[in-house]
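Take a look at the structure below.
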Amino acid sequence: KNEVEQSPQNLTAQEGEFITINCSYSVGISALHWLQQHPGGGIVSLFMLSSGKKKHGRLIATINIQEKHSSLHITASHPRDSAVYICAVIIQGAQKLVFGQGTRLTINP
Amino acid sequence: DAGVTQSPTHLIKTRGQHVTLRCSPISGHKSVSWYQQVLGQGPQFIFQYYEKEERGRGNFPDRFSARQFPNYSSELNVNALLLGDSALYLCASSFMVGTEAFFGQGTRLTVV
């Protein structure tokens, strides 16, 4: 079993829909990243959080340390949001990033 | 300010050859990490360097090695290339170990 599990693996939605991507982890962490990867490979860091909630534009990330769960929400989704979204955790002590498998999001106009 | 830069962006090598990939971190960042991303999978941790010392190593064979220079740039070397080494190699820099990581565009290595 992977230390970091994301769901769903693939998600297709219509423009304007509210999107939720989930991440669960089984290890102690010091922080969690949400990352965005477009075709071609480059990865952009969206959020790094260790507690509570962060918001940037139409993106919201939450984390529940006790439940070892995080969610990424996208409001008013747009076709340009189409990408792979990756959850990655910084493992306590090891200080390395462990990645989930990613969620491929497609927003249709 | 420039972000994390990696070179080259694309590379084609033959089995058995060696390759050197380069990464320049964001100015002021002292930690560099390397990751391998095989098509369709999430990235896997290879190495982490901080202040020119290796601070972590993933489950990769000894054919993989890396170093960090006094200016905090880094090289990843892979010897005796195998077809299975074909992947996107990502470099991430952070101010120090455990702080927010910023990624480069990656080097796409194809071994034929």
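The values are calculated or read from the model by the stated rules, or taken from the named source; none is laboratory data. For clarity, every value in this text was computed on a predicted model and none was experimentally measured. Every residue, glycine as well, gets a Cβ built from its backbone with ideal geometry; the counts of neighbours run over all protein chains shown.
Here residue A:91 passes the criteria (1) within 14 Å of chain B (Cβ to nearest Cβ); (2) of a type outside the set (Phe, Trp, Tyr); (3) surrounded by 17 or more Cβ atoms within 10 Å (Cβ to Cβ); (4) within 11 Å of the chain's Cα centre (by Cα) except the one numbered (4).
Would you check if residue A:101 is in a loop (DSSP other than H, G, I, E, B), in contact (Cβ under 8 Å) with a residue 24 or more places away in the chain and within 14 Å of chain B (Cβ to nearest Cβ)? For residue A:101, the condition - in a loop (DSSP other than H, G, I, E, B), in contact (Cβ under 8 Å) with a residue 24 or more places away in the chain and within 14 Å of chain B (Cβ to nearest Cβ) - is met. On the given criteria, is residue A:28 within 11 Å of chain B (Cβ to nearest Cβ) and either modelled with pLDDT under 95 or surrounded by 19 or more Cβ atoms within 10 Å (Cβ to Cβ) (or both)? No; evaluated as a whole, the condition is false for this residue. In region B:74-97, which residue that is surrounded by fewer than 17 Cβ atoms within 10 Å (Cβ to Cβ) and closer than 14 Å to residue B:31 by Cβ is nearest to the other protein chains (Cβ to nearest Cβ)? Only one residue tops the list, namely B:96.
Residue-by-condition table, conditions (1) closer than 30 Å to residue B:54 by Cα; (2) part of a loop (DSSP other than H, G, I, E, B); (3) out of contact with any Lys or Arg (no Cβ under 7 Å at 6 or more places or on another chain):
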| residue | (1), (2), (3) |
| --- | --- |
| A:61 | no, no, no |
| A:80 | no, no, yes |
| A:85 | yes, no, yes |
| A:93 | yes, yes, yes |
| A:107 | no, no, yes |
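Restricting region A:57-81 to residues that are farther than 13 Å from residue A:22 by Cα and crowded, with 17+ Cβ neighbours inside 10 Å leaves a set whose member that is farthest from the other protein chains (Cβ to nearest Cβ) is A:77. In region B:27-72, the residue that is farthest from the other protein chains (Cβ to nearest Cβ) out of those that are of a type in the set (Gly, Ala, Ser) and over 16 Å from residue B:102 (Cβ atoms) is B:65.
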